[in-house]
Amino acid sequence: MMSLVRGGGAEGRWSALVARLRHLLLFAALGGIGTLAHYAVLISLVQSGLAGPVVGSTAGFLVGGLTNYQLSRRIVFRSHKPHHEAMTKFFLIAGIGLVINAALMTLLTGPLGAPYLPAQILVTGLLVLWHYTGNALWTFRAGEV
């Protein structure tokens, strides 16, 4: 918020908006690494015969989530909050995101009849905003007492 005051006027607001957009894009890009980790674990476990799709997906979700947590904590938000606090909040935001994903996919592919892949792309985009906002304002928020 200080950048809005210091920058003054439209130029300051534009500068703050661009900075926030860059931050969001960094969050999304590093989230892609967590997604790759998720899929790597899923595919490895299923293809090797060590686990079925549900167990493989669950294990992949956890690995991807831990990867995203570390990247978000260290690089995106540069947080020094204790892990027990930040990780609990991070996975609560992720859990809510999982419920939102299921609800929106049910709505879009059920009553609205949307094809599943475009629906998932739309939902994923919305969830990036959900995860970023939740983590920026709650999980890794600086200055909380």
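Would segment 72-84 turn up any residue that is modelled with pLDDT under 90, assigned to a helix (DSSP H, G or I), within 19 Å of the chain's Cα centre (by Cα) and not hydroxyl-bearing (Ser, Thr, Tyr)? No: segment 72-84 contains no residue that is modelled with pLDDT under 90, assigned to a helix (DSSP H, G or I), within 19 Å of the chain's Cα centre (by Cα) and not hydroxyl-bearing (Ser, Thr, Tyr).
For segment 93-128, the set of residues classified as over 20 Å from Phe61 (Cβ atoms) and not in a loop (DSSP other than H, G, I, E, B) consists of Leu107, Leu108, Thr109, Pro118, Leu122, listed by residue number.
Listed here are the residues, each with its yes/no results for (1) surrounded by 14 or more Cβ atoms within 10 Å (Cβ to Cβ); (2) within 17 Å of Arg20 (Cβ to Cβ).
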residue	(1), (2)
Gly64	yes, no
Ser72	yes, yes
Gly97	yes, no
Met105	yes, no
Leu117	no, no
Ile121	no, no
Gly125	no, yes
Leu129	no, yes
Ala136	yes, yes
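Selection of segment 34-62 for residues being within 21 Å of Leu129 (Cβ to Cβ) and either of a type in the set (Ser, Thr, Tyr) or loosely packed, with under 14 Cβ neighbours inside 10 Å (or both) yields Thr35, Leu36.
Hey, Tyr116 hits all of (1) at pLDDT 90 or above; (2) touching a Ser or Thr at 6+ places or on another chain (Cβ under 9 Å) but one; which does it fall short on? Of the numbered conditions (1) at pLDDT 90 or above; (2) touching a Ser or Thr at 6+ places or on another chain (Cβ under 9 Å), the odd one out for Tyr116 is (1).
The values are calculated or read from the model by the stated rules, or taken from the named source; none is laboratory data. Note that the structure is a prediction, hence the values are computed from the model and not measured. Every residue, glycine as well, gets a Cβ built from its backbone with ideal geometry; the counts of neighbours run over all protein chains shown.
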